[in-house]
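The values are calculated or read from the model by the stated rules, or taken from the named source; none is laboratory data. These numbers come from a predicted model, not from an experiment. Every residue, glycine as well, gets a Cβ built from its backbone with ideal geometry; the counts of neighbours run over all protein chains shown. Ligands, DNA and RNA are excluded from the accessible area calculation, which covers all protein heavy atoms including side chains. Shrake-Rupley method; radii C 1.70, N 1.55, O 1.52, S 1.80 Å.
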Amino acid sequence: MILGQVLFKKSAISPSLFNLFYVLKVNYWLIFALVFYGLATIFWVNILRNVNLSYAYLYTSLGFVLVPIASVYIFDERLSSQFWLGTGLIVSGILVVALSNT
């Protein structure tokens, strides 16, 4: 899903759908994003066959950490100190739950 989010961003910053020349082309970033989301959905369903939803869903919050970090490297975005504080809280929460279920 993280790669899907990055590809959605890439498709969003591609030329506008209303640009006459762009209408003649296909936005391949959007197609790649949709394909990766489809694959992630299949992967997610397979995970849910073996893991409780309440436990597995906690790990989706890693997207809140990994997508912005990827955006720093791919789109040269900046992250604030508040982001890093929030990231620490998210990761701490995941660790608390993961360690309590072992």
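Side notes on the structure shown:
- A simple spin-label model places pseudo-atoms 7 Å from Cα toward Cβ; at Leu39 and Ser61 they are separated by 2.8 nm.
- Full extension of the chain between Ile31 and Asp76 yields a length gain of 13.9 nm, computed as 0.36 nm times the residue separation minus the alpha carbon distance.
- Label-point separation, Ser11 to Ile47 (7 Å along Cα→Cβ), nm: 2.1 nm
- Counting only protein heavy atoms and using a 1.4 Å probe, the accessible area of Tyr57 comes to about 140 Å².
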